[in-house]
Amino acid sequence: MVTRSPFDSSASPSYSLTMASKGDDVVEMKARIALHKGPPTSPGQVILDREIPSDSALVAPLVVRAMDFLRSEGVIRPGEDSKIALCLEEALQNAVLHGNKKDFKKKVRFQIFLSDAEWSVVVSDEGQGFDPEQVRNPLKSEGIWRESGRGLYLMSHYMDRVEHYNGGSTLVLARTI
Amino acid sequence: MEPTKDGILLSQVIDGIAVIGFARGRIRDEREILKTLESLGRYIESKTGLELVLDLGNVEYLSSAGLGHLVGLLKKSKSKGSTLKLCSLREPIQELFDVMKLTQIFEIHASVKEATDSFQPVGPNKKNC
């Protein structure tokens, strides 16, 4: 169970990586993808805080619930429902499948934050983290034919900010209001 | 081809071409879609020389997992000498294909008719699925 908070307001990122250094990748990436060793700072007021076991079947109901919350806050831009839902699903499925490796005893924490400038979601798993720089470009010829590995790219395409904390086990997706 | 148990898969044969569609395809249904695509993949692997059209007109939502499954179907089709084409993509799904450059590997048509018409006639005794 995730008992600790993924946040630490006193800690600042100890280092940052970005796919901007990866040549072809940066041309296509709309959002900066950063990796920080430490935890994120709290990005505003929490409006939803849920925790689920690592079961893919539990992701879609949580996404539907989260979308209801975001719509009720009026922060979803017209015509972007499916794009935002996609990003939430990708983030949660990555945490379940790659972070916690479907270990039902491990939990995924999902939070939505709202501030004056942006809304954000924070997804935390109990896995070992990862380095986004090692993720292959899904747009290159061999990548197009792969049957996985598109989630991070899609999140970076549709969100304004994509950041990984705690070595990659906490993901922050943010969108300006 | 038999419909799946949950009835999400719809299929018909038009001029010897198998046209496969979905009854629905929302966020809540994606796991059903994935299972259906896996079932379709097993069918494709069991045959050779198929002509298939996958009608995505009722699919409102696909994640990267769905895209990956579709790529898998295309690879299986090619390995079995079959032809798989897609049609009737809704705007958000078409955008996903554009963003991920999957339009480079999939043949995509605006309608079922356009897709079935795009197959070259092979004579009076076309293959049936």
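The values are calculated or read from the model by the stated rules, or taken from the named source; none is laboratory data. Keep in mind that this is a model prediction, so the values were computed, not measured. Every residue, glycine among them, receives a Cβ derived from its backbone with ideal geometry; neighbour counts consider all protein chains shown. To get the accessible areas, we keep the full protein, side chains included, count just its heavy atoms, and leave off ligands, DNA and RNA. Shrake-Rupley method; radii C 1.70, N 1.55, O 1.52, S 1.80 Å.
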Subject >> Cα gyration tensor, the range B:9-117 - rounded (a/c under 1.5), prolate or oblate >> reply: rounded
**OP:** Compute the signed sum of charges (Lys and Arg +1, Asp and Glu -1) over the other residues within less than 10 Å, Cβ to Cβ, of residue A:171.
**Re:** -3
Original post:
With every protein chain in place, what's the accessible area of residue B:62 (1.4 Å probe, Å², nearest 10)?
Top reply: 10 Å²
Original post:
Using bins 5 angstrom wide from zero, how does P(r) for the range A:20-177 break down, in % of all Cα pairs?
Top reply: 2, 9, 19, 23, 22, 15, 8, 2, 0
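Using the Cβ atoms and a cut-off under 9 Å, what net charge is assigned to the surroundings of residue B:69, where Lys and Arg are +1 and Asp and Glu are -1? Before the final figure, lay out each step's value.
Details: positive: none; negative: A:147, B:38.
My count for the surroundings of residue B:69 gives -2.
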Original post:
Between the range A:74-134 and the range A:136-152, what's the alpha-carbon centroid distance in Å?
Top reply: 20 Å
**OP:** Go ahead and estimate [θ] at 222 nm for chain B from helices alone: -39,500 (n - 2.57) per DSSP H run with n ≥ 4, summed, over the residue count, rounded to 500.
**Re:** -11500 deg cm²/dmol
Original post:
Taking θ as phi - 60°, what are the ³J(HN,Hα) couplings along the range A:88-103 by the Karplus curve (6.51, -1.76, 1.60), each to the nearest whole Hz, with x for Gly and Pro?
Top reply: 5, 5, 4, 5, 5, 5, 4, 5, 5, 7, 8, x, 8, 6, 6, 6
Subject >> Buried area at the A-B interface (accessible, heavy atoms, 1.4 Å probe, summed, Å²) >> reply: 2200 Å²
Original post:
Of the beta bridges DSSP finds with both residues in the range A:17-176, what % are antiparallel, to the nearest 5?
Top reply: 90 percent
**OP:** Rank A:70, A:95, A:120 by how far each Cα sits towards the positive end of the charge dipole of the range A:61-136 (+1 on Lys, Arg Cβ; -1 on Asp, Glu Cβ) and give me just the farthest.
**Re:** A:95
